[in-house]
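The values are calculated or read from the model by the stated rules, or taken from the named source; none is laboratory data. Note that this is a predicted model, so its numbers are computed, not measured. Here the Cβ positions follow ideal geometry from the backbone for every residue, glycine too, while neighbour counts run over all protein chains shown.
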2 protein chains.
Amino acid sequence: MKKDHETAFDDLCRHTRETALLAAAESALAWDERTMLPPAAAEFRSEQLTLLAGMLHARRTDKRIGEWLAILGDSPLAANLHDPSGTVIRELQRQYERRLKLPQSLVEELARTASLGQHAWEQARAKDDYGTFAPLLAKTFELKRAEADALGYQAARYDALLDDYEPGERTANVARVLASLREALVPLVAEIAASKKKPDISILQREFSLPAQETLARRGAEAIGFSFERGRLDVTAHPFCTTLGPKDCRITTRYDERFFSSAFFGVLHEAGHGIYEQGLPAEWYGLPPGEAVSLGIHESQSRLWENLVGRSRAFWQHLYPDAQKAFPAALGQTTLEEFYFAINDVRPSLVRVEADEATYNLHILIRFELEQAMLADEIPIADVPAAWNDKYEEYLGIRSHSDADGVLQDVHWSAGLVGYFPTYALGNLYASQFFVQAEKDLGALGPQFARGEFAPLREWLNKNIHQHGQCYSASDLVQKITGKPLSHDHLIAHLRGKLAPLYGLN
Amino acid sequence: MKKDHETAFDDLCRHTRETALLAAAESALAWDERTMLPPAAAEFRSEQLTLLAGMLHARRTDKRIGEWLAILGDSPLAANLHDPSGTVIRELQRQYERRLKLPQSLVEELARTASLGQHAWEQARAKDDYGTFAPLLAKTFELKRAEADALGYQAARYDALLDDYEPGERTANVARVLASLREALVPLVAEIAASKKKPDISILQREFSLPAQETLARRGAEAIGFSFERGRLDVTAHPFCTTLGPKDCRITTRYDERFFSSAFFGVLHEAGHGIYEQGLPAEWYGLPPGEAVSLGIHESQSRLWENLVGRSRAFWQHLYPDAQKAFPAALGQTTLEEFYFAINDVRPSLVRVEADEATYNLHILIRFELEQAMLADEIPIADVPAAWNDKYEEYLGIRSHSDADGVLQDVHWSAGLVGYFPTYALGNLYASQFFVQAEKDLGALGPQFARGEFAPLREWLNKNIHQHGQCYSASDLVQKITGKPLSHDHLIAHLRGKLAPLYGLN
């Protein structure tokens, strides 16, 4: 005979997994919308996605979940927080409580405002007209304050929002690490700007035929371990990675015939996300032990493969001959060293998604500082563009002359995503800290990359991160793997170690 | 104030349309499975489709449907059987009654047997081993007898099954028309076989590059009026057309580098299905006035564009210069007349899906006669292969030496599709009868095709067929449009009119 709590656990898992099957149908329709949908079909697809969202919401707030969790709370299955059953109970409890705390009216108003907000943002950005977007931005932050208050928090209101993307993380900790990062990064970027040594970035702006770009990008993704047996690569306008099932992870990219980097490094980035998804335990698909820990850890995997591997000299010692064969006119006369310097070009720029590995984190810091102030209502919405530009001047030494390339450049706030930005910087920090530990455990990785050997690193990541799903929080993982809490030191050491020789810094 | 029956009508339509939104999600996942799915993802997708099928079944048998229909049955909205509201009520009543008549246990056993049956059939066909499939075939026909008995019928048990694919059609009527067709067709095919004039079909077996095939096929589909603004063309193993929304119709094909006809005429065929789907009234999407009448009428649209248009001399007077440009090596030295004769080659063959326009209907006749006998239990399952071969010998003068190319060639029976085959022949018959009427109404169509003008015919089909959705049954439509019931005369006249000059027949 099964005990009550065993039956409750089975029922809870079955219900949750069925919800995941339906959510994966929603993801498949969303993937299709962004890669395949005939132009005239958008309106119907949006109606269909709304219906599915409603069905999913009903399943996720089903009262039986509360009943099952009540039986399970004190059961032996919940005893170990880090084993799969304990993780199922802990995480589903956390998600269910979070949903119950938010009044239906607030959820609906957030959704409506996000929908209106994204539309208004698109228009405002196209016309470079912040004024028309400002009222919706004000409304969004008002609702996000209400959301944070409904959810509750201890130290900072921002904690309640951050927790949705980086469970268990705290604003004060992120602020501490990012402040240290800024103190080291601003002078580094200034030193580089002052250096007379500059790469010839025109190398990357020659003619790169699309089919050859696709072939090389696929080879790169396959080399680092993205499985096309369990995944796909397609074309889209705004690249993303999505998972449609335990053995179905799809990455996307866009090709620019006159710029090498966007597709190639974009594919490595998305493949990094994909390798994490493909490495999660399939037997727990749809349940917390089979799902990614946090956005920050997810980003650590994409940035690790994109930057720490993909922008290393060793990686190109392996792949540059293929690149030269693929683009004989563009790269045939270019040395590996010239190419390597060009792909590691550092220069302050206005647009986050085009930023290099070093300055990128300053873009994030600016958003993190601003959105905290906005959430605290410490800065009038009308003054945000000026504050934005002042911070760019202070940290990056440049100033935008249009809001389209300034405060209006990102979709996040318009979509109600407040507390999301810091996960990008956390990803870079985690990646560097993990990479240092991987080299301690596996020996120098460069020589392996140069021989085309990426499996040891990938298996190390799988063993230490992927296979655990949500059994450990992001900060637990960092502590468990590296023996230390998160620090800015490793990222700075990595950047200085790579960039100082290139730019001839002290 | 709305009246009760108005509220019931709104509720019924809303419920049914929401079911259609979910069914379209199922179709999208099925399309993806056959065109895009990574190899390793098939098992999960199948689990997902099973969940959706269960949800759809629950919605379609929802007791409220019966309650709404009870209110609507005698209401003014049901008064006119051929207007949209009358059609909604009549057709949803028919579908709901049909579902209620089938016991849940029978539905489940049919689904299980179909799933096992298809698997066994695949294995049996691969090994050319009818014996391993025979028990499942026997079981399938046993269950189909039970299904027909549960549904009820007047004249023939087969009627109950045929009704699922060709609503309102009767076995006796189909038998009458197909028998007349056979009497005219068998001698025509024999005359052609005896003719000394033969086309040079090696013309079509030269090298046809895949990208050029795709370009030409898209041009053909676009020329006849398939909208790529509201549709797509992709690659698959077994071509099909599917509709994922009122403005989202997707067709598929497969390319053979050494055979021109399969992709090109396959695309015209699927585009013909697609033009019907794209021509249904979008405002009634998901409800009977916005859905296709029957499989036979659907097939009439695909066969009309594939054969009556696509295999006409006039069509190629328009497109042949493009074809020569696309394949200069293969077709540069081939005359239009040689090409036209080759694409109208008639010769008895064993495999239905490769059959020409004339012999195709004899393949259908054989299946129609056999499945009636099997349903009536007049022929032991063990004797079916011999009966199959005897009929091929009688009607086509050839005999298969393997069951793989004989009784095991089609998936239909293994999937529980009994009563489906005759709709293929009905489609050919409808198409010819409609085409004759179109020429009466629009004047000779050949000269229009030769000038690349296909819109008049397409608009005629839209006005007379597409826009009515299910407001008229298939036989009502034939009578309404042509003033006569279905007859074999038009198809025979078309075939003889085209083939006699080519083959030098009397």
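Taking the options A:191, A:166, name whichever one is surrounded by fewer than 21 Cβ atoms within 10 Å (Cβ to Cβ) and either under 30 Å from residue A:56 (Cβ atoms) or of a type outside the set (Ser, Thr, Tyr) (or both).
Working: A:166 fails: surrounded by fewer than 21 Cβ atoms within 10 Å (Cβ to Cβ).
Sole residue among the options that is surrounded by fewer than 21 Cβ atoms within 10 Å (Cβ to Cβ) and either under 30 Å from residue A:56 (Cβ atoms) or of a type outside the set (Ser, Thr, Tyr) (or both): A:191.
Got a sec? Which of A:206, A:218, A:176, A:232 is of a type in the set (Lys, Arg) and not assigned by TED's automatic domain parsing to the domain that holds residue A:333?
On the way: A:206 fails: not assigned by TED's automatic domain parsing to the domain that holds residue A:333; A:218 fails: not assigned by TED's automatic domain parsing to the domain that holds residue A:333; A:232 fails: not assigned by TED's automatic domain parsing to the domain that holds residue A:333.
None of the others qualify; the one that does is A:176.
For every residue, the table says whether it meets (1) in contact with a Ser or Thr (Cβ under 8 Å, 6 or more places away or on another chain); (2) modelled with pLDDT of 95 or more.
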{"residue": "A:93", "(1), (2)": "no, yes"}
{"residue": "A:104", "(1), (2)": "no, no"}
{"residue": "A:110", "(1), (2)": "no, no"}
{"residue": "A:114", "(1), (2)": "yes, no"}
{"residue": "A:118", "(1), (2)": "yes, no"}
{"residue": "A:124", "(1), (2)": "yes, yes"}
{"residue": "A:133", "(1), (2)": "yes, yes"}
{"residue": "A:137", "(1), (2)": "yes, yes"}
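Quick test for you: out of A:275, A:251, pick the one residue that is among the β-branched types (Val, Ile, Thr), outside any strand (DSSP E or B), in contact with a Leu (Cβ under 9 Å, 6 or more places away or on another chain) and under 21 Å from residue A:295 (Cβ atoms). Talk me through it step by step, then tell me what you get.
Numbers: A:251 fails: outside any strand (DSSP E or B).
Step by step, each of A:275, A:251 is checked, and only A:275 is among the β-branched types (Val, Ile, Thr), outside any strand (DSSP E or B), in contact with a Leu (Cβ under 9 Å, 6 or more places away or on another chain) and under 21 Å from residue A:295 (Cβ atoms).
Tell me, please, whether a residue that is within 21 Å of the chain's Cα centre (by Cα), outside any strand (DSSP E or B) and within 30 Å of residue A:31 (Cβ to Cβ) can be found in the range A:198-217.
Within the range A:198-217, the first condition is being within 21 Å of the chain's Cα centre (by Cα), and the residues that meet it are A:217.
With the extra rule that they be outside any strand (DSSP E or B), the set shrinks to A:217.
When the remaining residues are screened for being within 30 Å of residue A:31 (Cβ to Cβ), the result is A:217.
Looking for residues that are within 21 Å of the chain's Cα centre (by Cα), outside any strand (DSSP E or B) and within 30 Å of residue A:31 (Cβ to Cβ), one finds at least one in the range A:198-217, hence yes.
As an exercise: evaluate residue A:267 against (1) part of a helix (DSSP H, G or I); (2) within 15 Å of residue A:462 (Cβ to Cβ); (3) among the β-branched types (Val, Ile, Thr) and give the number of the one condition it does not meet.
Here residue A:267 clears every test but (2).
Going by what's in this entry, would residue A:58 be described as in contact with a helix residue (DSSP H, G or I) (Cβ under 8 Å, 6 or more places away or on another chain), surrounded by fewer than 16 Cβ atoms within 10 Å (Cβ to Cβ) and modelled with pLDDT under 95? Walk me through it before giving the result.
On the way: in contact with a helix residue (DSSP H, G or I) (Cβ under 8 Å, 6 or more places away or on another chain): no; surrounded by fewer than 16 Cβ atoms within 10 Å (Cβ to Cβ): yes; modelled with pLDDT under 95: yes.
It is false that residue A:58 is in contact with a helix residue (DSSP H, G or I) (Cβ under 8 Å, 6 or more places away or on another chain), surrounded by fewer than 16 Cβ atoms within 10 Å (Cβ to Cβ) and modelled with pLDDT under 95.
Residue B:50 is checked against (1) more than 10 Å from every other protein chain (Cβ to nearest Cβ); (2) loosely packed, with under 15 Cβ neighbours inside 10 Å; (3) within 25 Å of the chain's Cα centre (by Cα); (4) over 30 Å from residue B:168 (Cβ atoms) and fails just one. What number does that condition carry?
(1)
Going by the conditions given, is residue A:97 more than 12 Å from chain B (Cβ to nearest Cβ), without any contact (Cβ under 8 Å) to a residue 40 or more places away in the chain and either surrounded by 13 or more Cβ atoms within 10 Å (Cβ to Cβ) or part of a helix (DSSP H, G or I) (or both)? Before the answer, list the steps.
Details: more than 12 Å from chain B (Cβ to nearest Cβ): yes; without any contact (Cβ under 8 Å) to a residue 40 or more places away in the chain: yes; either surrounded by 13 or more Cβ atoms within 10 Å (Cβ to Cβ) or part of a helix (DSSP H, G or I) (or both): yes.
Judged against the criteria, residue A:97 is a match.
If residue B:71 meets every condition in (1) modelled with pLDDT of 95 or more; (2) within 11 Å of chain A (Cβ to nearest Cβ) apart from one, which number is that one?
(2)
Wholly within the range B:306-401, which helices (runs of 4 or more DSSP H) include no fewer than the required count, namely at least 1 residues that are under 17 Å from residue B:262 (Cα atoms)? It would help to see each step written out before you state the result.
Working: elements: B:313-326, B:328-331, B:336-342, B:360-375, B:384-396.
Once the helices (runs of 4 or more DSSP H) in the range B:306-401 are filtered for at least 1 residues that are under 17 Å from residue B:262 (Cα atoms), what remains is B:313-326, B:328-331, B:336-342, B:360-375.
Filter the range A:24-47 for residues that are touching a residue at least 60 places away in the same chain (Cβ under 8 Å) and either among the aromatic types (Phe, Trp, Tyr) or more than 7 Å from every other protein chain (Cβ to nearest Cβ) (or both); which is farthest from residue A:73 (Cα to Cα)?
A:35
Which of the residues that make up the range B:1-15 are within 12 Å of residue B:69 (Cα to Cα) and within 32 Å of the chain's Cα centre (by Cα)? Can you show your working first?
Of the range B:1-15, the ones within 12 Å of residue B:69 (Cα to Cα) are B:4-13.
Across the range B:1-15, the qualifying residues are B:9, B:12, B:13.
Out of all the residues in the range A:288-295, is one or more touching a residue at least 60 places away in the same chain (Cβ under 8 Å), within 14 Å of another protein chain (Cβ to nearest Cβ) and in a helix (DSSP H, G or I)?
Checked the range A:288-295: at least one residue is touching a residue at least 60 places away in the same chain (Cβ under 8 Å), within 14 Å of another protein chain (Cβ to nearest Cβ) and in a helix (DSSP H, G or I).
Could we say that residue B:437 is touching a helix residue (DSSP H, G or I) at 6+ places or on another chain (Cβ under 8 Å), of a type in the set (S, T, N, Q), over 30 Å from residue B:384 (Cα atoms) and without any contact (Cβ under 8 Å) to a residue 60 or more places away in the chain here?
So residue B:437 fits the description; yes.
As an exercise: evaluate residue B:306 against (1) surrounded by fewer than 23 Cβ atoms within 10 Å (Cβ to Cβ); (2) over 18 Å from residue B:470 (Cα atoms) and give the number of the one condition it does not meet.
Every condition holds for residue B:306 apart from (1).
All but one of (1) closer than 19 Å to residue A:295 by Cα; (2) assigned by TED's automatic domain parsing to the domain that holds residue A:293; (3) surrounded by fewer than 20 Cβ atoms within 10 Å (Cβ to Cβ) hold for residue A:246; which doesn't?
Among (1) closer than 19 Å to residue A:295 by Cα; (2) assigned by TED's automatic domain parsing to the domain that holds residue A:293; (3) surrounded by fewer than 20 Cβ atoms within 10 Å (Cβ to Cβ), the lone unmet condition for residue A:246 is (3).
Among the residues of the range B:100-117, are any under 18 Å from residue B:385 (Cα atoms) and surrounded by 15 or more Cβ atoms within 10 Å (Cβ to Cβ)? So that I can check it myself, show each step before the final result.
First, the residues of the range B:100-117 that are under 18 Å from residue B:385 (Cα atoms): B:117.
Applying the additional criterion that residues be surrounded by 15 or more Cβ atoms within 10 Å (Cβ to Cβ) yields B:117.
For the range B:100-117, residues under 18 Å from residue B:385 (Cα atoms) and surrounded by 15 or more Cβ atoms within 10 Å (Cβ to Cβ): present.
State whether one or more residues within the range A:410-418 are among the charged types (D, E, K, R) and farther than 30 Å from residue A:129 by Cβ. Break it down stepwise before answering.
Taking the range A:410-418 first, the residues among the charged types (D, E, K, R) are A:410.
Keeping just the survivors that are farther than 30 Å from residue A:129 by Cβ gives none.
No: zero hits.
Looking only at the range B:224-275, count how many residues are among the aliphatic types (A, V, I, L, M), within 20 Å of residue B:454 (Cα to Cα) and at the interface with another protein chain (Cβ under 10 Å from one of its Cβ atoms).
0
All but one of (1) under 25 Å from the mean Cα position of the chain (by Cα); (2) crowded, with 19+ Cβ neighbours inside 10 Å hold for residue A:86; which doesn't?
Result: residue A:86 fails condition (1) only.
Yes/no per residue for (1) under 22 Å from the mean Cα position of the chain (by Cα); (2) touching a residue at least 24 places away in the same chain (Cβ under 8 Å):
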position	(1), (2)
B:365	yes, yes
B:378	no, no
B:381	no, yes
B:387	no, no
B:390	no, no
B:393	no, no
B:397	no, yes
B:404	no, yes
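Being in contact (Cβ under 8 Å) with a residue 12 or more places away in the chain, part of a helix (DSSP H, G or I), within 25 Å of the chain's Cα centre (by Cα) and surrounded by 14 or more Cβ atoms within 10 Å (Cβ to Cβ) narrows it down to one of B:133, B:141, so name that one. Reasoning before the result, please.
Working: B:133 fails: within 25 Å of the chain's Cα centre (by Cα).
Only one candidate passes the filter, namely B:141.
Tell me the residue from A:498, A:480 that is among the charged types (D, E, K, R), surrounded by fewer than 18 Cβ atoms within 10 Å (Cβ to Cβ) and farther than 30 Å from residue A:374 by Cα, please. Quick ask: steps written out before the conclusion?
Working: A:498 fails: surrounded by fewer than 18 Cβ atoms within 10 Å (Cβ to Cβ).
After applying the criteria, what remains is A:480.
Is it true that some residue in the range A:4-23 is farther than 21 Å from residue B:15 by Cβ, part of a helix (DSSP H, G or I) and at the interface with chain B (Cβ under 9 Å from one of its Cβ atoms)?
To start, the set of residues in the range A:4-23 that are farther than 21 Å from residue B:15 by Cβ comprises A:4-21, A:23.
From the residues that got through so far, the ones that are part of a helix (DSSP H, G or I) too are A:4-21, A:23.
From what is left, the residues that are at the interface with chain B (Cβ under 9 Å from one of its Cβ atoms) are A:18, A:21.
Within the range A:4-23, one or more residues are farther than 21 Å from residue B:15 by Cβ, part of a helix (DSSP H, G or I) and at the interface with chain B (Cβ under 9 Å from one of its Cβ atoms).
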